[in-house]
Amino acid sequence: MRAVADIATVASAFRLPGEFVSAAPYGSGHINDTFAVHQRCGRETRRFLLQRINERVFRDPVALMGNVSRVCAHAQERLRASGRDDAPRRALTLVPTKLGADWHRDEHGGHWRCYLFIEGATGHDVVRDAGQAREAARAFGAFQALLADLPGGRLHETIPGFHDTPSRFAAFRRALEADVHGRAAAATPEIAFALAREGDVSVVVDALAAGVIPERVTHNDTKLNNVLLDDVTGEGICVIDLDTVMPGSALYDFGDLVRTSTSPAAEDETDLAKVEMRLPMFEALVDGYLSAADGFLTAAERRLLPAAGKLITFEIGLRFLTDWLEGDVYFKVRRPEHNLERCRTQFALVRSIESQLPAMEACVASRSR
Ligand code: ADP
Ligand code: GN1
Ligand code: MG
């Protein structure tokens, strides 16, 4: 993490009002370096969200910012057209640099961007109740609907094959065979769990390739803390973390909601007895999601919603396991076994989903036209 003095210099490149007061690391994202910057504007202090893009993860930050800028502009335009007077709270707004660009390159080559801070709303790491699950799913469904008519052609793929689960499985196998840190022995049950499920990994990519389900512009990282819920009303107010908005499947987005919004346990909970897919939370997700996505979702997509929950939970568990085997090179970790612990939590959730798939399917069927 960089020193605060450095952050002040970076902040000064952006067209921020007032004078710099302070900056501090912010949020619990696993990828970018995020800071809340405080600016004194007359008698009040305003916050801004400054982020350094992780270039090990996003290899082409300029193309990425091209996507982000298009998505933000489109969302703002649609919100204004619908007559909303609180558009800057309902979609991210980039603060331009003093040179009028959407991003700033520091003296070390790092790429930075700055957003208006969405006040009075929170990204929750753990779901509290069914109302939150419903609102999160509605907000991500509405976000997909909003992107359906994004002008300007196909978005850049910021991480090629991001949800290509068979490729993720192949990467896991390579990491396992190389075992460069000699960690595989410590993960024997998790490795066996993963290997036993290789046959399940193609369900969405095969359906896409066969044209059974359509490609759509999707968010692709719809974990619960990537939507800010209003602190007073609980409404899903603003979808954030737009780095992976690109061509994908609606099922990826719904699947990650199941992973992050049905269990009462945190993503890295070590007491696996607490990890559980709760059917009422799944029902809330389906209701919230369909309230926004009913108009465009096909029957084939609907049928695959439960399977997507299992697939994405498994895929992300597999990515944590792969990163553990590779020596924690991708996800930020706060303790030595963090990635392995996260993997165990995801796999415990996969087990819970597997035992309830028929009930989940019945839930979706009961809501079909
Ligand atoms: P990462 O890719 O590392 O997850 P995010 O873009 O999700 O980065 O940002 C990290 C955290 O910062 C989020 O989880 C959220 O709490 C907070 N955050 C991001 N953008 C804003 C914003 N515009 N206003 C308020 N908080 C934000
Ligand atoms: C990362 O950026 P963040 O923390 O919202 C990751 C997701 C994972 C998630 C697991 C670009 O999301 O794919 O599902 O961690 N983002 C990227 O918590 O890899
Ligand atoms: Mg995030």
| Per-selection Kirkwood Rh - region 99-187 (Cα, Å, 1 d.p.) | 18.7
| field | Computed lengthening from Arg335 to Arg84, 0.36 nm per intervening residue step minus Cα-Cα distance | value | 85.9 nm
| In a GNM of the chain with a 10 Å cut-off on Cα contacts, which of Ser12, Ser69, Ser263 has the highest mean-square fluctuation? | Ser12
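For the chain, which whole-number percentage of the solvent-accessible area (1.4 Å probe, protein heavy atoms only) is attributable to carbon and sulfur atoms? It would help to have the intermediate numbers written out before the result.
On the way: 8170 of 15590 Å².
The value for the chain is 52 percent carbon and sulfur by accessible area.
Largest first and in whole Å, give the semi-axes of region 12-92's equivalent ellipsoid, each being the square root of 5 times a Cα gyration tensor eigenvalue.
Working: eigenvalues 103, 98, 25 Å².
So the three semi-axes of region 12-92 are 23, 22, 11 Å.
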| region 136-242 - convex hull of alpha carbons, volume per residue in Å³ | 166
| Label-point separation, Asp287 to Asp106 (7 Å along Cα→Cβ), nm | 4.6
| For Leu297, distant residues with modelled amide H under 5 Å away | none
| Residues with amide H under 5 Å from that of Ile213, placed H, sequence gap 5 or more | Leu208
| request: Per DSSP H run of at least 4 residues, take -39500 (n - 2.57); add these up for the chain, divide by its residues and hand me the 222 nm value, nearest 500 deg cm²/dmol. | output: -13500 deg cm²/dmol
| query | Which stretch or stretches of region 331-363 have amide N atoms under 19 Å from the point lying 7 Å from Asp271's Cα along the Cα→Cβ direction? | reply | 341-349, 352
| said: How much length would be gained if the chain were fully extended between Ala299 and Arg154, taking 0.36 nm per residue of separation minus their Cα-Cα distance, in nm to one decimal? | reply: 49.7 nm
| task | Over the alpha-carbon set of the chain, divide Rg by the Kirkwood Rh and report the Rg/Rh ratio to two decimals. | result | 0.96
| query | For region 130-201 and region 223-294, what is the separation of their Cα centres, given in Å? | reply | 15
| Which residues' amide hydrogens lie under 5 Å from the amide hydrogen of Phe14, considering only partners 5 or more residues apart or on another chain, with H built in the peptide plane? | Lys98
| said: Residue by residue through region 224-229, what is 3J(HN,Hα) from phi via Karplus (6.51 cos²θ - 1.76 cosθ + 1.60, θ = phi - 60°)? Round to whole Hz and write x for glycine and proline. | reply: 3, 7, 9, 9, 8, 9
| field | Solvent-accessible heavy-atom area per residue, rounded to whole Å², over the chain at 1.4 Å | value | 42
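At a 10 angstrom cut-off on C-beta neighbours, averaged per residue, how do the peptides 230-240, 18-28, 130-140 rank from highest to lowest? Walk me through the numbers on the way to the answer.
Details: 230-240: 17.5, 18-28: 14.4, 130-140: 23.6.
Answer by packing, highest mean first, reads 130-140, 230-240, 18-28.
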| task | Residues in region 309-326, backbone N under 13 Å from the label point at Asp179 (7 Å along the Cα-to-beta-carbon vector): list them, ranges by number please. | result | 325-326
| Using a basic spin-label model with each label point 7 Å from the Cα along Cα→Cβ, how many nm lie between Ala362 and Glu215? | 3.9
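The values are calculated or read from the model by the stated rules, or taken from the named source; none is laboratory data. Because the structure is a prediction, the values reported are computed rather than measured. Heads up, the Cβs are rebuilt from the backbone with ideal geometry, glycines too, and the neighbour counts pull from every protein chain shown. Accessible surface areas use protein heavy atoms only, side chains included; no ligands, DNA or RNA. Shrake-Rupley method; radii C 1.70, N 1.55, O 1.52, S 1.80 Å.
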